[in-house]
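Right, one structure below, let's go through it.
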Amino acid sequence: MLAVRGYYGEQVFNTWAWRVPFLISFLLVAIAIYIRLQLGETPIFQEIKAKGLMTKNPWKEAFLSANVKFVLIASIVVIGEGVVWYSGQFWALYFLQQVSKVDLFTSSYIVMAALLIATPTLILWGWVSDHIGRKPVILGGFLLAAVTYYPLYSWLGSVTQPNNINYPIAIFIIAILVNYVGMVYGPIGAFLAEYFPARIRYTSVSVPYHIGNGWGGGLVPFVTTAAFAATGSLFYALLYPILVPLVCFFLSLWLMPETRHMSIWKPEEAKAAA
């Protein structure tokens with residue numbers, strides 16, 4: 001996006017060249033489809049299908065039965081994850097542009113550098129969760145985000161004053177924020193797959209995922225922007241990104257199970273899932 005904008009210039013980009021990145025993205029879609037076609041079903045699902053144990057109405061079985069508890073608990077966890085994700089990654093860019101008044105290209109390059117440094121933490125924390133559990137890693141991300149967002153964003157504001165930007169420190173701070181994203185997002189896919197019974201897994205996983213990221217995380221830009229515009233206060237702007245992960249931390253501490261030892265691959269577990 002930045003490369004296209006810089007190459008064509010602001011006027012041409014706003015007129016028609018903004019379509020170029022979207023056209024290029026078709027290549028990524030093709031790659032994603034290819035990867036998905038190479039993936040096989042889990043042995044559990046294959047055994048359930050072979051034995052004719054597939055659910056006839058996954059929506060009813062997921063939401064109008066005792067299984068609804070899985071959806072509700074997972075939604076709490078994913079809402080916390082979504083808010084940490086959007087607050088640490090997307091609002092950082094907004095903060096630089098709208099609060100610190102850093103220009104578009106400079107702010108984008110700062111965030112891009114931080115993402116390049118910290119994106120591997122998604123793999124790192126996923127790996128850590130394989131060894132110590134999904135719950136402590138995800139809840140650790142919730143708690144760290146809630147406790148440190150205000151001091152980190154205050155620090156970021158102090159080092160990104162107009163014409164006086166400390167680039168290494170700004171990148172370092174945003175890398176910390178993205179590291180929190182790695183803590184909550186890295187293990188979330190494994191947690192959701194392990195948590196739901198195989199019969200309703202596909203349907204059930206999609207609902208809390210989209211509630212948490214679409215609504216919980218998606219509201220972050222609107223709520224924080226409106227709060228800052230109305231009050232001019234960083235503290236009030238960060239209330240939503242702080243309080244939601246904190247509430248999700250305490251609820252998940254009580255409700256969220258540890259799923260690290262729940263295998264989705266062993267066929268013999270199909271009977272239990274059924």
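Here, each number is a calculation from the coordinates, and none is a lab measurement. It should be emphasised that the depicted structure is a prediction, and the values quoted were computed from it without experimental measurement. Here Cβ is always computed from backbone atoms with ideal geometry, including for glycine, and neighbour counts include all displayed protein chains.
For the reader, a short list of remarks on this structure follows.
- Packing rank of 6-14, 84-92, 66-74, where each peptide gets the mean count of other beta carbons within 10 Å, highest leading: 84-92, 66-74, 6-14
- Segment LEU27..ALA193, full-extension length gain: 57.0 nm, with 0.36 nm per residue of separation and the alpha-carbon distance subtracted.
- Between VAL77, VAL128, VAL181, the GNM of the chain built on Cα springs shorter than 10 angstrom shows VAL128 fluctuating the most.
- Nearest-0.05 FRET efficiency for GLN98 and VAL147, computed from C-beta distance (R0 30 Å): 0.80
- Between LYS56 and ILE132, the distance separating the two model label sites (each 7 Å from Cα on the Cα→Cβ line) works out to 4.8 nm.
- Förster radius 35 Å - calculated FRET efficiency between ARG36 and LYS69 (Cβ-Cβ, nearest 0.05): 0.75
- Sum of side-chain charges, PRO208 neighbourhood, beta-carbon under 15 Å (Lys, Arg +1; Asp, Glu -1): +1
- Lysine pairs meeting the criterion (Cα under 29 Å, 8 or more apart or interchain), as found in the chain: 20
- Label-point separation in nm, LEU255 to VAL4, each point 7 Å along Cα→Cβ: 4.0
- Cα centroid separation, the range 66-139 to the range 201-250 (Å): 12
- Hydrophobic, long helices, defined as DSSP H runs whose alpha-carbon span along the helix axis is 15 Å or greater and whose mean Kyte-Doolittle value is at least 1.6, occur in the chain at 19-38, 68-85, 104-118, 167-185, 219-231, 239-255.
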